[in-house]
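Have a look at the structure below, then the notes.
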Amino acid sequence: YVVPMMLSLYIHSFISSLTLVLFPLASELKNETERLLRVYTKATKTVGLLVGFLAMNLIVQSSNFLTLWMDAEFAGKASTILVIHAIAFSLVAMQVVSWQMTEGLGYPTYNFKVYFIWIITSVLLMVGLTDSFGNEGIAFARLFGFAALFGSVFYVERWIFGKIQIRLWLKIVGILGIAAIASAFAVKFVISTLGVTWINFVVSTLCGGAIYGLV
């Protein structure tokens with residue numbers, strides 16, 4: 001459970017480090033809603049671009065990567081958990097922009113309340129799902145908790161900007177969804193043609209990245 005979780009956690013950590021600049025920017029633009037919206041939109045698109053590619057690779061190559069890094073037996077037991085964690089931590093990474101902006105605008109109490117609800121939800125689900133589903137149950141509990149956390153993004157948009165940015169999200173999901181699917185097919189094709197080795201893993205990732213960027 002821990003190895004897949006730490007691999008997926010890198011997505012969140014990487015995005016968090018990139019978006020630290022949003023805190024002072026949000027504070028500076030507190031009374032300039034239009035400029036703040038432009039910053040929020042650009043940051044969300046950029047984060048979506050990065051998260052989409054990272055998540056796609058972890059999901060599509062979960063078994064291959066764990067087989068190469070650990071062994072086939074470990075991959076057989078942990079690849080599903082890696083997929084679940086990749087989705088979960090991608091959702092929370094997408095929420096980082098909203099989190100940093102809310103902090104910068106001076107509403108840390110709101111973030112605390114949202115995270116408190118996430119913790120309670122996740123812990124209760126873990127208790128309920130662990131006996132029946134084991135490690136996968138714990139991972140799903142975290143995923144459901146993060147999904148609820150991601151839902152707070154839309155509340156923040158309506159609160160700060162007066163409406164949910166539906167067009168922005170449809171564009172992100174539509175374009176990046178197509179790009180991720182095309183990239184996934186390219187990765188699968190290369191790895192199935194060349195075989196599972198470290199060199200082929202790198203080649204497939206680069207090919208997938210090229211297709212993703214092109215789309």
> How many nm separate the modelled label positions at Asp71 and Ala182, each set 7 Å beyond the Cα in the direction of the Cβ?
Replying inline: 4.1
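Give me the percent relative contact order of region 1-97, please, defined on Cα pairs under 8 angstrom at least 6 residues apart.
Here the relative contact order equals 49 percent.
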>> Based on alpha-carbon centroids, what's the gap between region 1-68 and region 133-193 in Å, whole number please?
In response: 11
>> Cβ neighbours within 10 Å, averaged per peptide: list 145-153, 27-35, 164-172, 83-91 in order, most packed at the top.
In response: 83-91, 145-153, 164-172, 27-35
> Hey, what do the phi angles of region 67-81 turn into as Karplus ³J(HN,Hα) couplings, whole Hz, using 6.51/-1.76/1.60 and θ = phi - 60°, x for Gly and Pro?
Replying inline: 5, 5, 7, 10, 5, 5, 5, 4, 4, x, 8, 10, 5, 5, 5
>> Could you tell me which residue out of Ser62, Ile84, Cys207 lies farthest along the dipole of the chain toward its positive end? Charges go on the beta carbon: Lys and Arg +1, Asp and Glu -1, centred on the Cα centre.
In response: Cys207
> So what is the relative contact order for region 98-215, in percent, with contacts set as C-alpha pairs under 8 Å and at least six apart?
Replying inline: 18
> Scattering from the C-alpha atoms of the chain alone, worked out with Debye: what is log10 I(q)/I(0) at q = 0.10, 0.12, 0.14 1/Å?
Replying inline: -0.49, -0.69, -0.91
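What does the convex hull of the alpha-carbon atoms of region 36-126 project to on average, in nm²?
On the way: hull surface 28.8 nm².
Averaged projected area of region 36-126's Cα convex hull equals 7.2 nm².
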> Can you give the relative contact order of the chain as a percent, counting alpha carbon pairs under 8 Å and 6+ residues apart?
Replying inline: 25
> Which whole-Hz ³J(HN,Hα) couplings does region 138-148 yield from phi under the Karplus relation 6.51 cos²θ - 1.76 cosθ + 1.60, θ = phi - 60°, glycine and proline marked x?
Replying inline: 5, 5, 5, 4, 5, 4, 4, x, 5, 4, 5
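In what sequence, highest mean first, do 201-207, 117-123, 183-189 appear when ranked by Cβ atoms within 10 angstrom?
183-189, 201-207, 117-123
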>> Report the Cα-based extents of region 1-82 along its three principal axes, largest first, to the nearest Å.
In response: 56, 19, 15
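In region 105-215, carbon and sulfur make up what percent of the accessible area (probe 1.4 Å)?
The C+S portion of the solvent-accessible surface of region 105-215 is 75 percent.
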>> Checking a compactness column here: for region 131-215, what do you get for Rg(Cα) / (2.2 N^0.38 Å), N being the number of residues?
In response: 1.54
> Dipole of the chain, Cα-centred, from +1 at each Lys and Arg C-beta and -1 at each Asp and Glu C-beta, to the nearest 20 debye?
Replying inline: 640
>> Taking θ = phi - 60°, what integer Hz values does the Karplus form 6.51 cos²θ - 1.76 cosθ + 1.60 yield along region 44-52, in sequence order, with x for Gly and Pro?
In response: 5, 5, 5, 4, x, 4, 6, 5, x
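The values are calculated or read from the model by the stated rules, or taken from the named source; none is laboratory data. Quick caveat, the model's predicted, so the values are computed rather than measured. Cβ coordinates were reconstructed from backbone atoms using ideal geometry, including for glycine residues, and neighbour counts include every protein chain displayed. Ligands, DNA and RNA are stripped out before the accessible areas are found, and what is left, the full protein with its side chains, is counted by its heavy atoms. Shrake-Rupley method; radii C 1.70, N 1.55, O 1.52, S 1.80 Å.
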